[in-house]
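One structure below.
Taken together, the values in this text are just the output of simple stated rules run on the coordinates, not laboratory data. Here the structure is a predicted model, which is why all the values come from computation and not from measurement. Cβ placement follows ideal geometry from the backbone for every residue including glycine, while neighbour counts extend to all protein chains displayed.
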Amino acid sequence: MKRKGASHLKDTQNERDYRRVPIDRVGVKNLRFPLRIRDRDHTEQSTVAVVSLAVDLPHHYKGTHMSRFVEILHAHGNVLTVADIAAMPRELMKRLDAKKAHVELRFPYFRAKKAPATGAEGLLDYGVVFQVNAEKQELDFVVTVEVPVTTLCPCSKAISTRGAHNQRGIVTFSIRFTKPVWIEEMIELVESSASCELYSLLKRPDEKHVTETAYDNPVFVEDLVRNVALKARRHKYITWFRVEAENHESIHNHNAYAVVESGA
């Protein structure tokens, strides 16, 4: 019996659909992919990204070709640059006859940080998201960093004779830009806006330093997002930003929350 070649196999996805319902996004999601990212020091860091790839689907197509999403991702290898990621949506649109395409990569990014007093070194992880949307000739690239910080309550410090309560917060900082901005630069912009930055390894002299630094720099969650916003507005490459801060309160059963979104 003669085996059928790929050219003779039925292509169900290309069959016509008569329900006249277009689909906004269809594709693959939660695909884990090894990734090497070039950092500011011109070295490469290995990580694992969770990838989502999607296109729109006109109403007359029954389905899309899922394998092509994975093919396009693998075609770039596992060393991705900003240019590689920006090119993917256009490749998806061409290969899948689509008018819109979406690419998202989420991955942990590690930085070696020295403790402030002893210099003991440890790795601290940050969340990073690359999102690229394409429609016709338009391309929208948004980079997001998720940065843990320490904040100390100005009100608590003002009314207390012994200490003040502090908390660990997460700042989610997203930008659009005219030229690429280093992940490290975005992280440092956020960390410098808080009461104190976080470290993975602290000895007793370091703990004293962090505690006193936070006490000397009290910020509300409102102060935190405003501090980031002012620095983002002054940055020569940032054209749009969104900064969201959420403090995991240490004396309340709820979180404090603030957002600023603005074009520069």
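Counting the residues of segment 235-251 that are in a strand (DSSP E or B) and either free of Cβ contacts under 8 Å to residues at least 60 places away in the same chain or over 28 Å from Cys155 (Cα atoms) (or both) gives 4.
Taking each residue of segment 36-59 that is surrounded by 19 or more Cβ atoms within 10 Å (Cβ to Cβ) and looking for partners that are part of a loop (DSSP other than H, G, I, E, B) with beta-carbon atoms closer than 6 Å, six or more apart or interchain, yields Val55/Leu96; Val55/Ala98; Asp56/Ala98; Asp56/Lys99; Leu57/Thr64.
Matching residues to (1) of a type in the set (D, E, K, R); (2) in contact with a His (Cβ under 7 Å, 6 or more places away or on another chain); (3) over 30 Å from Asn253 (Cβ atoms):
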| residue | (1), (2), (3) |
| --- | --- |
| Leu139 | no, no, yes |
| Gln167 | no, yes, no |
| Arg176 | yes, no, yes |
| Trp182 | no, no, yes |
| Ser200 | no, no, no |
| Lys208 | yes, no, no |
| Ala214 | no, no, no |
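Counting only residues that are closer than 17 Å to Val55 by Cα and touching a helix residue (DSSP H, G or I) at 6+ places or on another chain (Cβ under 9 Å), which one in segment 120-135 is surrounded by the most Cβ atoms within 10 Å (Cβ to Cβ)? Going through the qualifying residues, I end up with Ala134. Looking across segment 155-196, the residues that are assigned to a strand (DSSP E or B) and touching a residue at least 60 places away in the same chain (Cβ under 8 Å) come down to Asn166, Gln167, Arg168, Gly169, Ile170, Val171, Thr172, Phe173, Ser174, Ile175, Arg176, Phe177.
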